[in-house]
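Remarks on the structure that follows.
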Amino acid sequence: MNKNRAKLVENNRLATDMNQLVFEVIGSPDWNFEEGQFVMVEKMIDEELVRRAYSVSSVSDDLPMMELTVKRIEGGLMSNYLCDLQSGDVVDFTGPHGVFGWRKGKQTNKVLVAIGCGLAPLKSILLKYIQKDDLTTKLFFGCRYADQVPYDELFSKLQDNYKNFEYFPCISRPDKDCKYCGRVGEVIEEVDLDYGNSDFFLCGNEEMIKQMIDLIIGKGGKKENIYHENIFPKLKMK
């Protein structure tokens with residue numbers, strides 16, 4: 001697959017361990033992606049070619065501007081390289097990759113569930129389709145601490161502006177009173193959902209996705225209405 005290039009325009013700190021990187025795609029005027037897809041960033045670091053996947057967190061309408069949401073990982077070669085980029089720096093990437101996206105869903109009720117940087121593709125999908133009046137959407141995002149919630153102001157404003165959207169930031173280790181305290185699965189169980197007539201879009205680690213699949217099916221959800229990026233070969237829906 002051909003390599004593409006992007007120049008950093010903004011590097012904004014979103015949370016204690018997460019950055020929003022806004023790039024301009026250069027030299028590829030026809031490059032495009034579908035909301036929910038990811039790119040593979042490449043860089044020679046310490047004489048090693050490092051490749052890492054990052055979901056695009058902006059919408060295709062914004063091109064040539066492209067946004068990545070990157071979690072800084074202690075000792076992580078690529079995450080630290082990206083989070084330390086300065087305006088004007090250029091990165092190489094391939095893609096888009098993946099088939100995760102809203103177009104696969106059939107129900108008008110949409111439930112988006114994410115932890116960590118799993119929020120990135122769901123943010124992209126949500127911003128693309130939130131104005132569709134025939135859809136009802138709920139976004140659940142789980143993290144340990146309140147200062148680890150990215151885009152909180154954005155999602156809160158969207159909830160104020162769109163009556164068909166609800167936002168649930170789930171804090172598992174709150175240091176003060178919070179509206180939705182507990183792991184994301186615990187909060188979801190307290191919310192009235194139409195499991196049998198909803199599409200579920202999941203993005204996180206393998207353990208979280210497996211737990212959510214078990215919860216959804218156990219509540220009457222249909223496995224054909226559950227979607228996640230197919231990167232866990234051992235993960236099967238019973």
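The values are calculated or read from the model by the stated rules, or taken from the named source; none is laboratory data. Bear in mind that the values here come from a model prediction, so they are computed numbers and not experimental data. Ideal geometry is used to build each Cβ from the backbone, glycine not excepted, and the neighbour counts take in all protein chains shown. Calculation scope for accessible area: heavy atoms of the full protein, side chains included, ligands and nucleic acids excluded. Shrake-Rupley method; radii C 1.70, N 1.55, O 1.52, S 1.80 Å.
Computed quantities for the displayed model
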quantity	calculated
Cut-off 9 Å between beta-carbons: net charge of the residues surrounding Ser87, Lys and Arg +1, Asp and Glu -1	-1
Helix 119-129 axis, angle to the chain major axis (alpha carbon atoms, nearest 10°)	80
Value at 222 nm in deg cm²/dmol, rounded to 500, when DSSP H runs of n ≥ 4 in the chain each add -39,500 (n - 2.57)	-5500 deg cm²/dmol
log10 of Debye I(q)/I(0), alpha-carbon scatterers only, for the chain at 0.13, 0.16, 0.17 Å⁻¹	-0.80, -1.20, -1.34
Rounded tilt (10° steps) of 152-161 against the dominant C-alpha axis of the chain	50
Excluding exposed DSSP-loop GluC sites (Glu not before Pro) (at most 14 other C-beta within 10 Å), longest clean stretch of the chain	75-189
Proximal charge balance of Asp192 [Cβ under 14 Å; K/R count +1, D/E count -1]	-2
Computed over the chain: relative contact order in percent, which uses C-alpha pairs under 8 Å that are six or more apart	18
Whole-percent carbon and sulfur share, accessible surface of the chain, 1.4 Å	45
Percent RCO, i.e. relative contact order, over segment 66-181, from Cα pairs under 8 Å lying at least 6 residues apart	20
Accessible surface, segment 1-153, averaged per residue in Å² (probe 1.4 Å)	47
Between helix 206-218 and the chain: long-axis angle, C-alpha atoms, 0 to 90°, nearest 10	20
